[in-house]
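Here's the structure we're looking at; comments come further down.
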Amino acid sequence: EPEVAELVKHMVVQTSYDVEEINEEANVFNDFSTFVLRLDTIGFITPFSTDTLLLDDTNHTTKLPTVDFVSEVTHQINDRIEERGFERVLESEDPDFGVKVVILEQFSFFQPVSYPGYYSGYYGYYGGYYGPVVNTYSSNFVTMVIEVVDIKNYQANNFRYKVIWSSYIGDLITSADRNTKIQEAIEQAFIQSPYFSQN
């Protein structure tokens, strides 16, 4: 498990895939050739705003690195997928899979209450209880989620859109060099997913 100091310097990149679709016998990516990805928007979920989309050149409640954050991220993801042999098409062109990118800003706030114990008194003074002692903690983590959804096999999957690959990247705001670290983390997500390819 990485040290906290390392988490500030380097983002954690976790990837997972559907083992029923990607295994030693078969890889669903081999059956795909086209994908759809919106290059101008990223989904946004936060308790601090009613906004559900991130766009370039807008003020975000979260402290994302640059005004061109959305296009930088989506174009980098697009380039990595195209390098794996897939072609980006429009939604109307019946793509094989869809790629969605969402930023999750989750604020956590908690107050543990502790009771130090009984004080028995000293030299005739009355005993009693200390406390309670209340400590307040808060944390704010921003995570990027990239998901690949199987569109081609919607009917075969009981009329469900199945998530076949996902990546969780974070924390997007605590790293010292956020621009570089986000780019490195996206690269790492694809490096550790060699099966995400036509071949």
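Considering the stretch 122-160, and only residues there that are modelled with pLDDT under 90 and of a type in the set (A, V, I, L, M, F, W, C), the residue that is nearest to the chain's Cα centre (by Cα) turns out to be M144. Contact map, the stretch 73-99: first residue at positive phi and of a type outside the set (D, E, K, R), second residue open to solvent by less than 50 Å² (accessible area, probe 1.4 Å) and assigned to a loop (DSSP other than H, G, I, E, B), Cβ cut-off under 8 Å, separation 6 or more or different chains; pairs are G85/S197. Only residues that are free of Cβ contacts under 8 Å to residues at least 24 places away in the same chain and open to solvent by less than 60 Å² (accessible area, probe 1.4 Å) were counted across the stretch 179-198, and they come to 1. Of the residues making up the stretch 77-99, those that are surrounded by fewer than 12 Cβ atoms within 10 Å (Cβ to Cβ) and within 24 Å of the chain's Cα centre (by Cα) are E83, E91.
Quick grid of which residues meet (1) part of a helix (DSSP H, G or I); (2) of a type outside the set (A, V, I, L, M, F, W, C); (3) in contact with a Gly (Cβ under 8 Å, 6 or more places away or on another chain):
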{"position": "Q155", "(1), (2), (3)": "no, yes, no"}
{"position": "R160", "(1), (2), (3)": "no, yes, no"}
{"position": "V163", "(1), (2), (3)": "no, no, no"}
{"position": "N179", "(1), (2), (3)": "yes, yes, no"}
{"position": "E187", "(1), (2), (3)": "yes, yes, no"}
{"position": "P194", "(1), (2), (3)": "no, yes, no"}
{"position": "S197", "(1), (2), (3)": "no, yes, yes"}
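The values are calculated or read from the model by the stated rules, or taken from the named source; none is laboratory data. These numbers come from a predicted model, not from an experiment. Cβ coordinates were reconstructed from backbone atoms using ideal geometry, including for glycine residues, and neighbour counts include every protein chain displayed. The area values use the complete protein model at the heavy-atom level, side chains included, leaving out ligands, DNA and RNA. Shrake-Rupley method; radii C 1.70, N 1.55, O 1.52, S 1.80 Å.
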